[in-house]
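**Q** Submitted below is the structure of interest, expressed as structure tokens.
The values are calculated or read from the model by the stated rules, or taken from the named source; none is laboratory data. Predicted model only: the values in this text are computed from it and were never measured. Counting neighbours? That spans all protein chains shown, and the Cβs are built from the backbone with ideal geometry, glycine included.
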Amino acid sequence: MAKKIKVFPKRFGMAPYVFLVYLLMPLYFIIQEEGGKAAIGYALLLLFLLSYRQLYNWKSDGKFSLWLIVQGCVIVLLSIFYHPNNLFLGFYISNFISWYEREKNFKRAIAVFTLVYVGMISYITYAYNIQNVLFQLPFIIVMLISPFAIRNMNAKMELESRLDEANEQIRTLIKREERIRIARDLHDTLGHTLSLITLQSQVIQRVANHPEKVKTEAEGIERTSRTALQQVRELISDMRVITVEEEIAEAEKILQAANIQLHLHMQDTLPNISLLQQKIIGMCIREASTNIVKHSKANNCFLRIGRDESKLSLFIQDDGVGIRDQQWGNGLKGMEERLSLIEGELCVDSEKGTILRISIPIVVKTEEGVVVL
């Protein structure tokens with residue numbers, strides 16, 4: 001079966017085909033010519049199409065530059081011998097220049113492109129009139145500026161792609177570490193408990209003719225099995241990540257039990273943050289609510305959660321006695337240490353009650369991924 005030839009790489013989608021619509025302008029000027037000049041015009045247009053295809057399939061800066069020169073020469077010839085408005089085809093070159101991987105090659109291409117178009121503007125001024133130049137000048141300025149904008153956009157997209165890959169690697173490492181932790185916990189806790197049950201069962205077999213001893217050992221097995229069950233429950237609880245919403249609901253229960261009213265203000269939807277961020281934010285809310293219950297003697301707790309384009313902000317305030325000696329306890333120090341893992345910041349004020357201001361950068365740009373963000 002013959003291999004299907006692709007005109008443009010699949011990753012570009014329909015964009016290369018859509019941009020071909022701009023070739024209707026030079027085609028219009030060529031159709032108005034006759035004889036050999038028309039034939040040469042069609043040949044130049046075909047050469048332009050060939051260079052256009054090759055530029056989308058480039059594999060090295062050397063061949064890419066060669067086809068870019070070919071395309072530039074075609075545009076110059078079409079502009080000089082057919083119509084000066086064909087200079088607008090320079091938007092194709094402007095786009096392709098931004099694709100250079102090496103900064104040196106990019107700057108060199110920009111310099112050559114600028115010199116050629118300055119020369120063409122001089123020619124049009126001489127051969128035609130100043131009105132034609134004034135009409136084209138704004139578009140030519142955009143052509144010369146757009147490679148920088150496109151290159152910056154491509155660099156940002158590349159950075160975001162690498163960030164997505166890094167996030168995926170982090171998620172894989174976290175899963176691997178979690179498996180190792182679970183295996184270690186099972187070995188250190190549940191494995192030891194099950195070994196104890198086995199030993200106790202062997203003891204029962206040896207004292208089967210002594211009912212009192214059997215009863216004592218059976219009671220020991222029951223206690224040990226209950227301990228094993230509790231250990232399993234604790235392991236499962238540690239494996240589950242509690243969401244921020246669930247932690248807030250739990251904090252509200254704790255505060256209500258101490259006759260402290262929670263006043264919550266939160267945006268309808270929180271950003272799709274990572275599991276690690278979710279865990280640390282939840283731990284901060286838990287620690288803050290525990291501190292309020294233990295030390296504040298407050299009647300009210302105010303919790304506000306908001307976000308902007310770059311960060312998530314938490315504001316936790318109580319109307320209690322405040323931190324009188326201004327010394328941070330282990331709870332606040334622990335919060336600060338946890339937040340440092342995700343580049344978060346903690347500020348504490350105690351003018352009236354205690355105010356905790358927590359700021360966390362949003363590092364997820366899509367459903368799974370990340371913007372510093």
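**Q** If I filter the stretch 124-136 for residues that are surrounded by fewer than 19 Cβ atoms within 10 Å (Cβ to Cβ), assigned to a loop (DSSP other than H, G, I, E, B) and among the aromatic types (Phe, Trp, Tyr), do I get at least one hit?
**A** The answer is yes; a qualifying residue exists.
**Q** Condition check: within 22 Å of GLU345 (Cα to Cα), modelled with pLDDT of 85 or more, out of contact with any Leu (no Cβ under 7 Å at 6 or more places or on another chain) and acidic (Asp, Glu). Does GLU309 satisfy that? Explain how you work it out, then say what you get.
**A** Working: within 22 Å of GLU345 (Cα to Cα): yes; modelled with pLDDT of 85 or more: no; out of contact with any Leu (no Cβ under 7 Å at 6 or more places or on another chain): yes; acidic (Asp, Glu): yes.
So GLU309 fails the test.
**Q** Please enumerate the residues belonging to the stretch 66-110 that are modelled with pLDDT of 85 or more, crowded, with 19+ Cβ neighbours inside 10 Å and touching an Asp or Glu at 6+ places or on another chain (Cβ under 9 Å).
**A** The answer is TYR82, and nothing else.
**Q** Would you be able to tell me the number of residues in the stretch 347-362 that are at pLDDT 80 or above and crowded, with 20+ Cβ neighbours inside 10 Å?
**A** 5
**Q** Further question on the same structure: So how many residues does the stretch 54-65 have that are in a helix (DSSP H, G or I) and either more than 47 Å from the chain's Cα centre (by Cα) or surrounded by 14 or more Cβ atoms within 10 Å (Cβ to Cβ) (or both)? Don't jump to the end; show me each part of the working.
**A** Narrowing the stretch 54-65 to residues in a helix (DSSP H, G or I): 54-56, 61-65.
Among the residues that remain, those that are also either more than 47 Å from the chain's Cα centre (by Cα) or surrounded by 14 or more Cβ atoms within 10 Å (Cβ to Cβ) (or both) are: 54-56, 61, 64-65.
So the answer is 6.
**Q** Could you tell me which residue of the stretch 318-346 is surrounded by the most Cβ atoms within 10 Å (Cβ to Cβ), considering only residues that are of a type in the set (Asp, Glu) and modelled with pLDDT of 70 or more?
**A** ASP318
**Q** Looking only at the stretch 277-284, decide whether some residue is among the β-branched types (Val, Ile, Thr), within 23 Å of GLU345 (Cα to Cα), modelled with pLDDT of 85 or more and under 25 Å from the mean Cα position of the chain (by Cα). Break it down into steps so the answer makes sense when it comes.
**A** We begin by selecting, within the stretch 277-284, every residue among the β-branched types (Val, Ile, Thr); these are 280-281.
When the remaining residues are screened for being within 23 Å of GLU345 (Cα to Cα), the result is 280-281.
Subsequent filtering for residues that are modelled with pLDDT of 85 or more retains 281.
The next check asks that each one be under 25 Å from the mean Cα position of the chain (by Cα); those that pass are 281.
Checking the stretch 277-284: at least one residue is among the β-branched types (Val, Ile, Thr), within 23 Å of GLU345 (Cα to Cα), modelled with pLDDT of 85 or more and under 25 Å from the mean Cα position of the chain (by Cα).
Each row is one residue, and each column tells you yes or no for (1) in contact with a helix residue (DSSP H, G or I) (Cβ under 8 Å, 6 or more places away or on another chain); (2) modelled with pLDDT of 90 or more; (3) not assigned by TED's automatic domain parsing to the domain that holds LEU115.
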{"site": "ALA2", "(1), (2), (3)": "no, no, yes"}
{"site": "ALA15", "(1), (2), (3)": "no, no, no"}
{"site": "ALA39", "(1), (2), (3)": "no, yes, no"}
{"site": "PHE48", "(1), (2), (3)": "yes, yes, no"}
{"site": "TYR56", "(1), (2), (3)": "yes, no, no"}
{"site": "ASP61", "(1), (2), (3)": "yes, no, no"}
{"site": "PHE64", "(1), (2), (3)": "yes, no, no"}
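**Q** How many residues are over 21 Å from SER122 (Cβ atoms), assigned to a helix (DSSP H, G or I) and not charged (D, E, K, R) if we restrict to the stretch 72-109?
**A** 6
**Q** Being within 18 Å of ASN167 (Cβ to Cβ) and either among the polar types (S, T, N, Q) or in the same structural domain as LYS175 (by TED's automatic domain parsing) (or both) is the filter; apply it to the stretch 252-276 and report the residue that is modelled with the highest pLDDT.
**A** SER274
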